[in-house]
Amino acid sequence: LHLSLRRQRQMCIRDSILSARKAQKFWEKIPAIERAEHLKKIASKIRDNAEDIANIVVEEQGKIKSLALGEIGAAAGYFEYMAEWGRRIEGEIITSDVKNENIFLYRVPMGVVAGILPWNFPFFLIARKVAPALVTGNSVVIKPSEETSNNAFIFSKIINDLNIPKGLINFVYGRGETVGKHLSAHSAIDMISFTGSVETGSLIMQEAGKNITKVNLELGGKAPAIVLADADIDKALPFLVNAAIQNAGQTCSAATRVLIEKPIFQELTERLAKGIRSLRSGPALQDLECGPLISKVQKDRVEGFLQRARQDGVEFLAEGSIVEDAPQGGNYVAPCMVGSVPPKHTLAQDEVFGPLLVTMPFEGEEEGIELANNTVYGLVSGVWTKDGGRQLRVARKLKSGQVFINNYGAGGGVELPFGGVKLSGHGREKGFEALYGFSVTKTVAIHHGAS
Ligand code: NAD
């Protein structure tokens with residue numbers, strides 16, 4: 001009681017790291033295939049409790065119920081997927097330049113991994129850190145967002161009676177500037193896997209840099225959807241709308257910039273506007289197209305963008321509605337769409353993280369690519385064209401970690417490596433690449449002395 005709050009917090013983090021360290025030493029010696037069995041148990045428990053967990057996601061984050069159920073399914077799917085890799089964490093034998101020498105490359109765990117999470121996919125992102133970390137032999141200390149602590153709490157409850165080795169999965173709760181910062185700066189952390197904003201990612205890198213701690217950064221985005229004149233518009237339309245406003249636009253991979261080739265600009269803009277007008281924001285349990293935003297702060301931030309755009313004379317082409325029975329004072333923002341904005345405008349450059357879609361015309365493939373690449377971000381891009389040659393050409397020239405052609409997913413399935421370039425970060429999570437992200441090679445050269 002005599003200790004300052006700050007000191008108590010630090011001791012709590014230290015204890016979590018110590019118990020993670022102890023567990024990791026034991027865990028890395030267990031065959032990966034056995035580790036995978038634990039992942040399967042977690043997956044199955046998540047599936048059994050999907051409805052209850054989804055309700056917590058809905059209540060705490062405001063995501064609509066169907067999307068929350070999708071998120072829980074993806075979390076379970078990710079544990080199952082990573083469990084499958086249990087048998088495939090393999091090293092290599094490489095040819096030596098030295099006579100009588102054998103060189104082995106072992107793939108070894110990092111040690112204790114700190115996972116620092118945002119609030120927008122609060123349950124799935126726990127899986128995204130824990131599953132690959134565990135299967136490759138690490139232990140974890142997870143710091144959830146202060147906005148969505150209950151998601152982490154329910155995860156810890158879910159795994160409680162599964163006989164997961166004690167100390168392997170730890171949670172520390174609290175604010176970023178205190179708990180998150182202390183965790184990032186801790187010399188006993190071997191790796192940080194961070195998902196969140198560019199600003200925080202940069203701060204974490206600076207703290208981690210003091211101990212040369214490895215950092216994986218999965219940051220923000222301003223994804224473009226490039227629609228070329230030969231695209232199948234009927235097919236593209238529902239994807240274009242959903243890619244922008246899913247999770248009320250609070251998705252790092254939200255394709256909020258729809259770049260349209262001039263010959264179809266008029267037609268597609270009108271059809272998109274019609275789509276946006278039909279969208280409703282309302283209580284998440286009503287499972288309409290959009291739920292509320294996460295917080296009043298986020299709502300004010302999004303409305304600030306819209307207000308600035310109005311002041312700049314940006315044309316608002318369509319607005320959806322907020323349902324009448326939405327509680328007064330809730331964090332609802334009606335989905336909306338604006339007309340062409342100059343390439344340097346804040347709506348064309350900055351991550352709004354709200355249900356807003358921007359349209360911009362372009363002339364010819366090259367200009368479309370240039371416009372798409374013209375932000376500091378590079379997380380995901382979408383391309384709509386029937387022409388096979390164009391599909392490959394454009395995909396090759398886009399500067400982003402993922403490119404979806406004639407399709408769009410918020411990062412796609414669990415098997416798709418995901419992560420950005422430029423300010424969107426440099427880690428890769430999901431897919432087989434996650435195994436590399438959460439492990440490192442150790443080279444052993446054996447000289448056997450034979451003549
Ligand atoms: P944020 O950066 O504000 O916070 C993320 C986490 O970092 C939280 O847990 C927070 O407490 C912690 N934090 C804050 N300051 C810290 C500090 N100084 N040191 C250590 N930790 C600190 O992000 P947010 O608002 O929670 O989430 C939205 C952002 O996350 C958006 O930019 C979005 O694009 C991004 N995001 C990216 C991905 C991806 O995979 N690329 C996925 C989801 C969200």
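The values are calculated or read from the model by the stated rules, or taken from the named source; none is laboratory data. These numbers come from a predicted model, not from an experiment. Positions of Cβ are generated from backbone atoms using ideal geometry, with glycine treated the same way; all protein chains shown enter the neighbour counts. Areas reflect the complete protein model, heavy atoms only, side chains present, ligands, DNA and RNA absent. Shrake-Rupley method; radii C 1.70, N 1.55, O 1.52, S 1.80 Å.
In this Cβ point-charge picture (+1 for Lys and Arg, -1 for Asp and Glu), the range 329-432 has a dipole of about 260 debye about its Cα centre. Annotation: amide H of Gly115 within the under-5 Å range of Val141, Ile142, Lys143, Ser193, sequence separation 5 or more or interchain, hydrogens built in the peptide plane.
Net charge in the neighbourhood of Gln286 (other residues with Cβ under 12 Å of its Cβ; Lys, Arg +1, Asp, Glu -1) is -2. Annotation for the range 238-303 versus the range 378-403: alpha-carbon center distance of 22 Å.
Rounded to the nearest 0.05, what FRET efficiency do Arg301 and His447 have when you use their Cβ-Cβ distance and R0 = 56 Å? Walk me through the numbers on the way to the answer.
Working: r = 61 Å, r/R0 = 1.09.
That gives a FRET efficiency of 0.35.
Exactly which GluC sites (Glu not before Pro) in the range 248-319 are in a DSSP loop and have at most 13 other Cβ atoms within 10 Å? Walk me through the numbers before you get to the answer.
Values: sites: Glu261, Glu267, Glu270, Glu289, Glu303, Glu315, Glu319; in loops: Glu289, Glu315.
In loop regions of the range 248-319 (DSSP not H, G, I, E or B), the sparsely surrounded GluC sites (Glu not before Pro) are Glu315.
The charge dipole of the chain, taken about the Cα centre with unit charges on the Cβ atoms of Lys, Arg (+1) and Asp, Glu (-1), comes to about 1600 debye, rounded to the nearest 20. The distance separating the Cα centre of the range 102-123 from that of the range 56-78 comes to 23 Å. Sorting 97-103, 344-350 by their mean Cβ neighbour count within 10 Å, with the most densely packed peptide first, gives 344-350, 97-103.
Going highest first, how would you order 326-332, 128-134, 428-434 by mean Cβ packing within 10 Å? Provide the component values of the computation, followed by the final result.
Working: 326-332: 14.4, 128-134: 28.3, 428-434: 21.3.
Ranked by mean Cβ neighbours within 10 Å, highest first: 128-134, 428-434, 326-332.
With the charge dipole of the chain set up from +1 on Lys and Arg Cβ and -1 on Asp and Glu Cβ about the Cα centre, the Cα lying farthest toward the positive end among the listed residues Gly330, His447, Ala68 is that of His447. Angle between the Cα long axis of helix 50-61 and the longest principal axis of the chain, 0 to 90 degrees, nearest 10? Compared with the principal axis, the helix lies near 60 degrees.
Please report the net charge: other residues with Cβ closer than 9 Å to the Cβ of Ala318, K and R +1, D and E -1. Computed value for this residue: +1.
Taking the C-alpha atoms only, the angle from helix 233-245 to the longest principal axis of the chain is near 60 degrees. Amide H to amide H, with H built 1.01 Å from N, Ser381 comes under 5 Å of Gln402, Val403, Phe404, counting only residues 5 or more places away or on other chains. The HN-Hα couplings worked out from phi for the range 281-294 by the Karplus form 6.51 cos²θ - 1.76 cosθ + 1.60 (θ = phi - 60°) are 9, x, x, 4, 5, 6, 6, 7, 6, 10, x, x, 6, 4 Hz, whole numbers, x standing for Gly and Pro.
With the charge dipole of the chain set up from +1 on Lys and Arg Cβ and -1 on Asp and Glu Cβ about the Cα centre, the Cα lying farthest toward the positive end among the listed residues Met11, Gly364, Pro283 is that of Met11.
For a quick protection proxy, order the peptides 436-448, 411-423, 198-210 by their average other-Cβ count within 10 Å, most packed first. Walk me through the intermediate numbers first.
On the way: 436-448: 14.5, 411-423: 19.4, 198-210: 16.8.
With the highest mean Cβ count within 10 Å placed first, the list reads 411-423, 198-210, 436-448.
In order along the range 173-183, the phi-based Karplus estimate (6.51 cos²θ - 1.76 cosθ + 1.60, θ = phi - 60°) of 3J(HN,Hα) comes to 10, x, 7, x, 5, 10, 5, x, 5, 5, 5 Hz; Gly and Pro are listed as x.
Going down the table (Lys22/Lys129; Lys29/Lys214; Lys129/Lys181; Lys41/Lys63; Lys235/Lys422; Lys222/Lys262), which pairs top 28 Å between alpha carbons? Pairs exceeding 28 Å: Lys235/Lys422.
I'd like the carbon and sulfur percentage of the solvent accessible area for the chain, probe radius 1.4 Å, heavy atoms only, ligands and nucleic acids excluded. Walk me through the intermediate numbers first.
Values: 10340 of 19690 Å².
Ligands and nucleic acids excluded, carbon and sulfur give 53 percent.
The Kirkwood radius of the range 1-148, taken over pairs of alpha-carbon atoms, gives through the Stokes-Einstein law at 4 °C and 1.567 mPa s a diffusion coefficient of 74 µm² s⁻¹. Using only Cα atoms, find the angle between the long axis of helix 198-209 and the longest principal axis of the chain, and express it within 0 to 90 degrees, rounded to the nearest 10. Its long axis makes an angle of about 20 degrees.
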